[in-house]
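Please read through the structure below; I'll follow up with questions.
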Amino acid sequence: MTLTTWSLAGAAIALLAGVSFGLAWQASGAAEEKPPKVQRFGSVIGLKSEKRDRYNDLHAHPWPEVNAMIKKCNIRNYSIYEVELEGKWYLFSYFEYVGDDFQADMARMAADPKTREWWKETDPCQIRLPGTPDGQQWKTIPEVYHLD
């Protein structure tokens with residue numbers, strides 16, 4: 001056989017193997033599973049300049065129980081950013097929610113004793129912004145553009 005013949009034969013075997021794998025994957029029901037619906041959230045809050053080091057230290061060493069609760073409540077890809085604008089410090093957070101009941105998951109998190117303890121450490125470092133709804137610490141901001 002020539003190199004071209006071997007290449008074609010290899011391609012045919014790979015194609016058949018791929019088709020076989022695809023059929024097995026479909027038969028297992030995997031093809032019917034839908035990826036989780038992702039809701040993206042951005043929010044902002046002020047950061048007290050005199051508490052900035054404390055806040056950053058807490059997040060440099062997050063409590064494992066708090067991280068676990070965040071994941072249990074269907075939050076993924078969670079980040080917090082810090083910026084100084086005109087002499088004032090702000091935090092911007094972004095996360096993706098992959099659950100089915102955001103309000104129930106947030107209530108679950110708020111009821112968790114270790115998370116409540118964590119918030120007793122972080123909340124005094126923050127400044128609620130005007131227009132933040134009652135019962136919320138961070139001000140949710142609308143998404144105006146997204147590209148996957």
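Criterion first (over 20 Å from the mean Cα position of the chain (by Cα), surrounded by 12 or more Cβ atoms within 10 Å (Cβ to Cβ) and among the aliphatic types (A, V, I, L, M)) does LEU91 satisfy it?
no
Another question, then. List every residue pair whose Cβ atoms lie under 7 Å apart, where the two residues are 6 or more positions apart in sequence or sit on different chains, the first residue falls within the range 116-132 and is more than 12 Å from GLY46 (Cβ to Cβ), and the second residue, located anywhere, is of a type in the set (A, V, I, L, M, F, W, C).
Hits for this filter: TRP118/TRP63; TRP118/VAL66; GLU121/LEU58; THR122/LEU58.
Follow-up question, since we're still on this one. List, please: which pairs have Cβ atoms under 9 Å, are six or more places apart or on different chains, and start with a residue in the range 40-57 that is under 18 Å from PHE95 (Cα atoms) and end with one that is assigned to a helix (DSSP H, G or I)?
That search, which allows pairs on different chains as well, returns PHE41/PHE102.
Then there's this: Just the residues that are among the polar types (S, T, N, Q) and loosely packed, with under 13 Cβ neighbours inside 10 Å, please, taken from the range 68-88. If you could, list the steps in order and put the result at the bottom.
Of the residues in the range 68-88, the ones among the polar types (S, T, N, Q) are 74, 77, 79.
Those that are among the polar types (S, T, N, Q) and loosely packed, with under 13 Cβ neighbours inside 10 Å: ASN77, SER79.
Given the conditions (1) over 15 Å from the mean Cα position of the chain (by Cα); (2) touching a residue at least 12 places away in the same chain (Cβ under 8 Å), and given that ASP101 satisfies all but one, which numbered condition is not satisfied?
(2)
I've got another one for you. Of all strands (runs of 3 or more DSSP E) completely enclosed by the range 53-148, which ones contain at least 1 residues that are within 30 Å of PRO35 (Cβ to Cβ) and of a type in the set (Val, Ile, Thr)?
75-85, 139-141
If you go through the range 58-67 one residue at a time, do you hit one that is at pLDDT 75 or above, farther than 26 Å from PRO133 by Cβ and of a type in the set (A, V, I, L, M)?
Among the residues of the range 58-67, at least one is at pLDDT 75 or above, farther than 26 Å from PRO133 by Cβ and of a type in the set (A, V, I, L, M), which makes the answer yes.
The values are calculated or read from the model by the stated rules, or taken from the named source; none is laboratory data. Source: prediction; values computed, not measured. Positions of Cβ are backbone-derived with ideal geometry, glycine not excepted, and every protein chain shown enters the neighbour counts.
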